[in-house]
Amino acid sequence: MSETLEHFFQRLDAEQVRLEKKVPPKVAAHHLVDELFNLLFPVQCADPKPARLQYAILKHDLELLLQPVLTDRDPARVSEAFFRRLPAVHDALLEDAQAILQFDPAATCLEEVIATYPGFQAIAVYRIAHCLYKLDVPLLPRVFSEYIHGNTGIDIHPAASIGTAFFIDHGTGVVIGATAVIGNNVKIYQGVTLGALQVDKSLADVKRHPTIEDNCIIYANSTILGGETVVGHSSVIGGNTWLTASVPPYSVVLHQPQVKVRTKPFEEPINFVI
């Protein structure tokens, strides 16, 4: 016999009590991370508030979001610690924006990079979320990262370690796993995956994702897998490359397409309709 609605509602209430941690409300979390971005870069605000006033509002908002997830710490202290780290986050993001402006011929000014580039926006939210992650804040960093993932198609786990002057061009389909380590002055293009060789819950505390050293370029749709895989500094990984082993510094790794020259026309038409 099917469960009655009354019993179903009781079960839902009991399940809510049983859950160990409550997820911060998504709408409030999304609004907060947008306003944190606007605090750091008010270039797209029609009437920006004074920074000190914004700080007071956002500090209070962050405390409210931290209350459900921090059961053994004072949300006010954690919020204060986060904002003390925000100047360093801002400095790192300015380096990221400058790197994009320097290396993308289509970028005309810093304001354009900050206001319109999905790669920069994803990096900005990553650096904010990573700051909370380093303060041992549960859940909220993932809410931030999945929000910008949905907006940009760029999936950066907040636990990943990423150096300065980071450049994501175009960005759609980029995946950077939790234990990935990326050095300084690294450029990656759309569709790049820095992933794990295998998915196993027992490996949760093991380095599963690759290390990319300084000054590397990884072109579109390349896949680099494995926690022991290291791309040596100043290397270039060509588009559509599949890499599961380390390469030394100054390497150039290319995917070689197979080219066949026809001696007669195809017997079947090649104008496929999918």
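Brief remarks follow.
- Odd one out for ALA99, checked against (1) out of contact with any helix residue (DSSP H, G or I) (no Cβ under 8 Å at 6 or more places or on another chain); (2) surrounded by fewer than 18 Cβ atoms within 10 Å (Cβ to Cβ); (3) at pLDDT 95 or above: (2)
- Flag if VAL69 is surrounded by 15 or more Cβ atoms within 10 Å (Cβ to Cβ) and among the β-branched types (Val, Ile, Thr): yes
- Residues of region 91-110 that turn out to be assigned to a helix (DSSP H, G or I), closer than 23 Å to VAL174 by Cβ and without any contact (Cβ under 8 Å) to a residue 60 or more places away in the chain, as a count: 6
- Pairs linking a residue in region 111-125 that is of a type in the set (S, T, N, Q) to a residue that is surrounded by 24 or more Cβ atoms within 10 Å (Cβ to Cβ) and in a helix (DSSP H, G or I), with Cβ atoms under 8 Å and 6 or more positions apart or on different chains, are GLN121/ILE148.
- Top-ranked residue in region 204-236 [being modelled with pLDDT of 95 or more and among the small types (Gly, Ala, Ser); ranked as surrounded by the fewest Cβ atoms within 10 Å (Cβ to Cβ)]: SER234
- Scan of region 26-50 for residues that are touching a Leu at 6+ places or on another chain (Cβ under 9 Å) and either within 21 Å of ALA122 (Cβ to Cβ) or at pLDDT 90 or above (or both), ordered by number: ALA28, ALA29, LEU32, GLU35, LEU36, LEU39, LEU40, PHE41, VAL43
- Flag for ALA178 being in a loop (DSSP other than H, G, I, E, B), within 26 Å of LEU66 (Cβ to Cβ) and modelled with pLDDT of 95 or more: yes
- Just one of the numbered conditions (1) assigned to a helix (DSSP H, G or I); (2) assigned by TED's automatic domain parsing to the domain that holds LEU140 is not true of THR71: (1).
- Extreme residue, farthest from ALA220 (Cα to Cα), among residues of region 237-254 that are of a type in the set (A, V, I, L, M) and buried (at least 17 other Cβ atoms within 10 Å of the Cβ): VAL247
The values are calculated or read from the model by the stated rules, or taken from the named source; none is laboratory data. Small disclaimer: the values here were computed from a predicted structure and weren't measured. Virtual Cβ from ideal backbone geometry, glycine too; neighbours counted across all protein chains shown.
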